[in-house]
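The numbers here are math on the coordinates, done by the rules we state, and not lab data. Predicted, not measured: the structure shown is a model, and the values here were computed from it. Positions of Cβ are backbone-derived with ideal geometry, glycine not excepted, and every protein chain shown enters the neighbour counts.
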Amino acid sequence: MIAVKHAPHKYYLEPEATDTFKFLAAGADETCLVAKNEMLSMRHITEKTDPIALLESQYADCDILLLEGLQNENTPAIEVFDSQKNEALKFPMASLCAVVSDKPTAMNGPIPNFNINDIDAIIHFMETYNE
């Protein structure tokens with residue numbers, strides 16, 4: 001499984017004075033930050049690059065590519081809904097394949113609705129969704 005976090009705004013993982021920042025600024029296509037038991041990869045992409053297509057091709061061999069906050073119309077989405085913070089779903093029903101929520105909600109209609117604590121059922125759904 002690969003988990004990807006979407007950052008909708010510019011982020012600064014490395015201060016400008018670091019080598020990692022300088023490598024990317026100098027034109028490196030990709031740079032990796034390696035520490036004990038961890039590795040972080042950073043790559044420049046253009047605005048024309050479809051990040052989901054890029055991720056799908058790069059991680060084609062993984063079983064599950066989990067995208068948090070990154071969606072397009074061709075990617076099945078599971079919305080995590082917190083009734084304490086929201087009154088309505090964030091994404092349109094047509095783009096959802098399931099809803100995970102803190103309590104059952106009538107707004108999910110015909111799509112599966114899982115309790116946020118029912119991890120086994122959520123995993124089973126994700127593993128068998130495209131079968």
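Grab the eigenvalues of the alpha-carbon gyration tensor for the chain, scale each by 5, take roots, and send me the semi-axes largest first in whole angstrom.
Semi-axes (√(5λ), whole Å): 33, 16, 15.
About the Cα centre of the chain, what is the dipole size in debye to 20, counting +1 per Lys and Arg Cβ and -1 per Asp and Glu Cβ, all else neutral? Could you put the intermediate results ahead of the total?
Values: 9 positive and 21 negative charges, 78 e Å.
With only Lys, Arg, Asp and Glu charged at Cβ, the dipole is about 380 debye.
Could you put LEU89, LEU40, LEU67 in order, starting from the residue whose Cβ has the fewest other Cβ atoms within 10 Å? Walk me through the numbers before you get to the answer.
Working: LEU89 16, LEU40 12, LEU67 19.
Ascending Cβ contact count within 10 Å gives the list LEU40, LEU89, LEU67.
Anything over 29 Å Cα to Cα? Flag those among LYS5/LYS85; LYS48/LYS85; LYS5/LYS36; LYS22/LYS90; LYS22/LYS85; LYS10/LYS36, in the order listed. Could you put the intermediate results ahead of the total?
On the way: LYS5/LYS85 20 Å; LYS48/LYS85 34 Å; LYS5/LYS36 22 Å; LYS22/LYS90 38 Å; LYS22/LYS85 40 Å; LYS10/LYS36 27 Å.
Flagged as over cut-off: LYS48/LYS85; LYS22/LYS90; LYS22/LYS85.
Using only the alpha-carbon atoms of region 2-64, report the extent along each of the three principal axes, biggest first, to the nearest angstrom.
37, 33, 20
Residues with amide H under 5 Å of PHE114's amide H, sequence separation 5 or more or different chain, H placed in the peptide plane at 1.01 Å from N; which?
VAL99, VAL100, SER101
How large is ³J(HN,Hα), in whole Hz, for each residue of region 63-68 in order, when computed from phi with the Karplus curve 6.51 cos²θ - 1.76 cosθ + 1.60 and θ = phi - 60°, using x for Gly and Pro?
6, 9, 10, 8, 10, 9
Taking the Cα centre of the chain as the origin and placing charges on Cβ (Lys, Arg +1; Asp, Glu -1), which of THR18, THR49, THR75 is farthest toward the positive end of the dipole?
THR18
Using 0.36 nm times the number of residues separating ASP29 and ALA53, minus their current alpha carbon distance, what extension gain do you get? Working shown, then result.
Details: separation 24, 0.36 × 24 = 8.64 nm, distance 1.74 nm.
Contour length minus the Cα-Cα distance gives 6.9 nm.
Taking loop as defined by DSSP and a crowding limit of 14 other beta carbons within 10 Å, which trypsin sites (Lys or Arg not before Pro) in region 1-109 fit?
Values: sites: LYS5, LYS10, LYS22, LYS36, ARG43, LYS48, LYS85, LYS90; in loops: LYS10, LYS36, LYS48, LYS85, LYS90.
In loop regions of region 1-109 (DSSP not H, G, I, E or B), the sparsely surrounded trypsin sites (Lys or Arg not before Pro) are LYS10, LYS36, LYS48, LYS85, LYS90.
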